[in-house]
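J.: Attaching a single structure in structure tokens format; questions to follow.
The values are calculated or read from the model by the stated rules, or taken from the named source; none is laboratory data. Note that the structure is a prediction, hence the values are computed from the model and not measured. Cβ sites come from the backbone with ideal geometry, for glycine too, and all protein chains shown count toward neighbours.
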Amino acid sequence: MSEFSRHGDMPAGSGLFAPSRRAFLMGGVAAGLAIAAASGSARAQTPKKGGDLRVAMLGGGPTDTLDPHMIVSSADNARCTAMFEPLTRPDRNAITTNWLAEEITPNDTATAWTIRLRPGIKFHDGKAVTSKDVLFSFQRIADPKSPKVGAARLKIVDFASARLLDDRTLELPLTSPCSILNEFVADPLFAIVPEGFDPGKPIGTGPFKFKSFTAGQESVFDRNEFYWQDGLPYLNSLTIIDSFASDTAAFNALLGGQIDVLADAPLALVNQITEGGPIKALISEPGIWTPFTMRVDQPPFNDVRVRQAFRLLVDREQMVKIAFSGHAVPGNDLFGFWDPCLDKSLVRVRDVDQAKSLLKQAGQENLTVELVTSDIAPGVVQSAQVFARQAQAAGVTVNVRQVTSDIFFGEQYLSWPFAQDFWYANPYLAQVGNSGLVDSPFNETHWHDERTAGLYKEALGTVDKDKRCDIIRQMQRIDFDEGGYIIPTYNKSIDLMTSNVEGFLPGRNGRALGGFGFTEAWMS
């Protein structure tokens, strides 16, 4: 999933409204429910210390984790963002920013990187963070006997030649050039943990420290008194609840005062917003992308003509309007929406006649396929249903099979022939590392293209940004013409909260609450 994690990368609430859910919402409005938009004036108030914030998220289950190097779901991401921090991370505008690192710079050939920590950073137990902890964290992730989610990105590190220059400085030689290592590690998946880290007793540097955890139920965190940013966090405690069976149940809990925040709320709810009420909304720019994933190594999607046809069947404007209640922008089957190297000349327009012609050429007229979906992000199930209707125009039958999130992310995850998923905004090359190579941790389309792999390696070794963009655009053309993703939209995220919750600001990195901005959250 993996800003830059995905899924660290995943779930949230659904934007799908069954008739009963729609009736519930309309009934609430008819009864006088008022939902106020979060205002800029509230941001100007002086933050107040104290308070216990309760945040609801959907998608929890028995695989929930407190190991930052094993993040999969959005709730995992929230928990681990509260407790742990990486060297760099995407800011609210999806721009890679130094975090625990005071400096992270390559040599002239990008064959080695120097990492220097900020001074005065401590773990939750009061021990100083050192360069030795950084090296341990990366070695833990890359351990060939027990590789973690981000292991593939660290394969280029020559750990045997790494040098601890002093307590705050580490030199990492690489086996091949990488001009964007700072982007590669800008992710909770690369959080810095202490030597000997035990995920059963997690210790990090984040604004909140571990108190209790029950998988699929709730996690409780207390304020970190050793936090390196003076005066932060403001809150006394943070509780993340992911036991709600549906967004309706979570929304009821928000209205009833059992929670303070519903993160990644159903998109249609914002259309019910009126000024002056106990609930307000935080609306972020498009940053989430929820692709359809076609396995290119299995029929019928091993035929590029079928993949091209399926992409041509999508009416993207209609998808924005119906599946995402207008809170999205059309996508063109390309990831890296905020990447400055995105080739905006590549635009996909619906063409049913061309799709039918391609299917006929492939011998796949009157094709029937199963599409596996789940409530893993707002609008996902709805978009599956919309696509099924749109495909009928070409004689394609799409049988939508909805499963629970624990099944979706279970043993068959990454193996479904035709399914959906969700990602946060990543720089293009970081996303290729996530899902576009044979050894990527989330290669859900089973994409293995020698041209892509060669260009990727060339791009990593190219220090000149303009030249690197030229290479990236060659890769995007391959994605656009032949890839296994259908990316119909880029979606906004909406968080609902009670009127006394302050400090959260909108972003465009795709993560809830502007990037899980718990550090500066407070309660009036």
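J.: Yes or no: the range 264-272 includes at least one residue that is surrounded by fewer than 24 Cβ atoms within 10 Å (Cβ to Cβ) and of a type in the set (Asp, Glu).
T.: Within the range 264-272 (the criterion being surrounded by fewer than 24 Cβ atoms within 10 Å (Cβ to Cβ) and of a type in the set (Asp, Glu)), the answer is no, since none of the residues qualifies.
J.: Next question. Which of the residues spanning the range 188-207 are closer than 18 Å to Ala151 by Cα, in a loop (DSSP other than H, G, I, E, B) and of a type in the set (A, V, I, L, M)?
T.: Hits for the range 188-207 are Ala191, Ile192, Val193.
J.: Please enumerate the residues belonging to the range 129-154 that are in contact with a helix residue (DSSP H, G or I) (Cβ under 7 Å, 6 or more places away or on another chain) and in a loop (DSSP other than H, G, I, E, B).
T.: If the condition is that a residue be in contact with a helix residue (DSSP H, G or I) (Cβ under 7 Å, 6 or more places away or on another chain) and in a loop (DSSP other than H, G, I, E, B), then Lys148, Val149, Gly150 are the ones that fit.
J.: Same structure again: (1) crowded, with 24+ Cβ neighbours inside 10 Å; (2) more than 17 Å from Gln431 (Cβ to Cβ): which one isn't true of Asp470, the others all being true?
T.: Single failed check for Asp470: (1).
J.: Return the residues of the range 161-180 that are out of contact with any strand residue (DSSP E or B) (no Cβ under 7 Å at 6 or more places or on another chain) and assigned to a strand (DSSP E or B); say none if nothing qualifies.
T.: Step one: filter the range 161-180 for residues out of contact with any strand residue (DSSP E or B) (no Cβ under 7 Å at 6 or more places or on another chain), giving 166-167, 175-178, 180.
The answer is Asp166, and nothing else.
J.: Just checking, does the range 498-506 include any residue being under 25 Å from Thr293 (Cβ atoms), surrounded by 24 or more Cβ atoms within 10 Å (Cβ to Cβ) and touching a strand residue (DSSP E or B) at 6+ places or on another chain (Cβ under 7 Å)?
T.: Of the range 498-506, the ones under 25 Å from Thr293 (Cβ atoms) are none.
No: the range 498-506 contains no residue that is under 25 Å from Thr293 (Cβ atoms), surrounded by 24 or more Cβ atoms within 10 Å (Cβ to Cβ) and touching a strand residue (DSSP E or B) at 6+ places or on another chain (Cβ under 7 Å).
J.: List the helices (runs of 4 or more DSSP H) inside the range 274-361, counting only whole elements, that have at least 3 residues being under 26 Å from the mean Cα position of the chain (by Cα) and either within 30 Å of Asp470 (Cα to Cα) or at pLDDT 95 or above (or both). Talk me through it step by step, then tell me what you get.
T.: Numbers: elements: 304-312, 316-323, 352-361.
In the range 274-361, 304-312, 316-323 are the helices (runs of 4 or more DSSP H) which contain 3 or more residues that are under 26 Å from the mean Cα position of the chain (by Cα) and either within 30 Å of Asp470 (Cα to Cα) or at pLDDT 95 or above (or both).
J.: Just give me the residues in the range 495-506 being at negative phi and part of a loop (DSSP other than H, G, I, E, B), in sequence order. Break it down into steps so the answer makes sense when it comes.
T.: First, the residues of the range 495-506 that are at negative phi: 495-502, 504-506.
Across the range 495-506, the qualifying residues are Ser499, Asn500, Phe504, Leu505, Pro506.
Matching residues to (1) touching an Asp or Glu at 6+ places or on another chain (Cβ under 9 Å); (2) in a strand (DSSP E or B); (3) among the acidic types (Asp, Glu):
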position: Asp470; (1), (2), (3): no, no, yes
position: Gln476; (1), (2), (3): yes, no, no
position: Phe480; (1), (2), (3): yes, no, no
position: Ser493; (1), (2), (3): yes, yes, no
position: Arg508; (1), (2), (3): yes, no, no
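J.: If Glu183 satisfies all but one of (1) touching a Ser or Thr at 6+ places or on another chain (Cβ under 6 Å); (2) not in a helix (DSSP H, G or I), what's the number of the condition it fails?
T.: Here Glu183 clears every test but (2).
J.: May I pose another question? Residues being aliphatic (A, V, I, L, M), outside any loop (DSSP other than H, G, I, E, B) and either touching a Gly at 6+ places or on another chain (Cβ under 8 Å) or at positive phi (or both): count how many of those fall in the range 407-444.
T.: Going residue by residue through the range 407-444, those that are aliphatic (A, V, I, L, M) are 407, 414, 419, 425, 429-430, 432, 437-438.
Still in the running and outside any loop (DSSP other than H, G, I, E, B): 407, 419, 429-430, 432.
Then drop every residue that is not either touching a Gly at 6+ places or on another chain (Cβ under 8 Å) or at positive phi (or both), which leaves none.
The qualifying residues number 0.
J.: Within the range 67-84, track down each residue that is surrounded by fewer than 24 Cβ atoms within 10 Å (Cβ to Cβ) and not in a helix (DSSP H, G or I).
T.: Asp67
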